[in-house]
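The values are calculated or read from the model by the stated rules, or taken from the named source; none is laboratory data. Computed from a predicted model, the values in this text were never measured in an experiment. Note that we place each Cβ from the backbone using ideal geometry, even for glycine, and neighbour counts take in every protein chain shown.
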Amino acid sequence: MSRLTTEDWSIIEDGIFLPMVSIILQQDIRIIEDSPHKLKKPYINLLELSLKKVQSDIATTKRRLRGKQLKIIQKYKDEHFTTYTFVISGYEEVHKYFNPVIKNKVQDKLAIYLASTSDDVLV
C-alpha cells in the first residue's frame, strides 16, 4: 500500500518533470540562438519567460518536498523504464515509469507553460 497522498503524488510528479521541462527550454533557447532565423527574439522571449516560470515552480516544488519530508531519487534508467525511489518520512517506495509516459507528461507540462506564457511575451 502506498503512503503517498494525491497531493504528494502531484508534488513528486512536479519534482520529476519540471526539471526536465527546464532542461528542454534551455536547450531550445541555445538552438534558436545558434539558428539562422532572422526573427529570433519573439521565440527566445517566449522560451525565457516560460523558463522563468518553470524555475519559480521548481523552487516552490523543492520547498513543498522538504516541508512534507519527501525525497525523489532516480535509481535506474534504461531504454524502456526509469526507476525512482520516493522517500516519505523515512519510508521508501520504488516506482517505475515507462519512458514514453515520462516524455508525454513532460510534453504536456511544456505545452501548458508555453501556452500560459504566450500572452505575456513582449516583442
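Which of the residues spanning the range 74-93 are within 15 Å of Glu13 (Cβ to Cβ) and not hydroxyl-bearing (Ser, Thr, Tyr)?
Selection gives Gln74, Phe86, Ile88, Glu93.
Among the numbered criteria (1) in contact with a Pro (Cβ under 9 Å, 6 or more places away or on another chain); (2) more than 14 Å from Ile24 (Cα to Cα), which one does Val54 miss?
Of everything listed in (1) in contact with a Pro (Cβ under 9 Å, 6 or more places away or on another chain); (2) more than 14 Å from Ile24 (Cα to Cα), Val54 misses just condition (2).
Within the range 1-51, take every residue that is within 10 Å of the chain's Cα centre (by Cα) and small (Gly, Ala, Ser) and give me the one that is farthest from Thr83 (Cα to Cα).
Per the criteria, the residue is Ser22.
In this structure, does Ile11 turn out to be part of a helix (DSSP H, G or I), β-branched (Val, Ile, Thr) and surrounded by 14 or more Cβ atoms within 10 Å (Cβ to Cβ)? Can you show your working first?
Values: part of a helix (DSSP H, G or I): yes; β-branched (Val, Ile, Thr): yes; surrounded by 14 or more Cβ atoms within 10 Å (Cβ to Cβ): yes.
So Ile11 passes the test.
Could you grab the pairs with beta carbons closer than 6 Å, sequence gap of 6+ or different chains, first residue in the range 64-77 and farther than 22 Å from Asn99 by Cα, second one of a type in the set (Gly, Ala, Ser) and not in a loop (DSSP other than H, G, I, E, B)?
So the pair list comes out as Leu65/Gly15.
Quick check on this structure: which one of Lys109, Lys103, Lys53, Lys96 is modelled with pLDDT of 95 or more, over 15 Å from Ile12 (Cα atoms) and in contact with a Phe, Trp or Tyr (Cβ under 7 Å, 6 or more places away or on another chain)? Working first, answer last.
Values: Lys109 fails: over 15 Å from Ile12 (Cα atoms); Lys103 fails: in contact with a Phe, Trp or Tyr (Cβ under 7 Å, 6 or more places away or on another chain); Lys96 fails: over 15 Å from Ile12 (Cα atoms).
Checking each option against the conditions leaves just Lys53.
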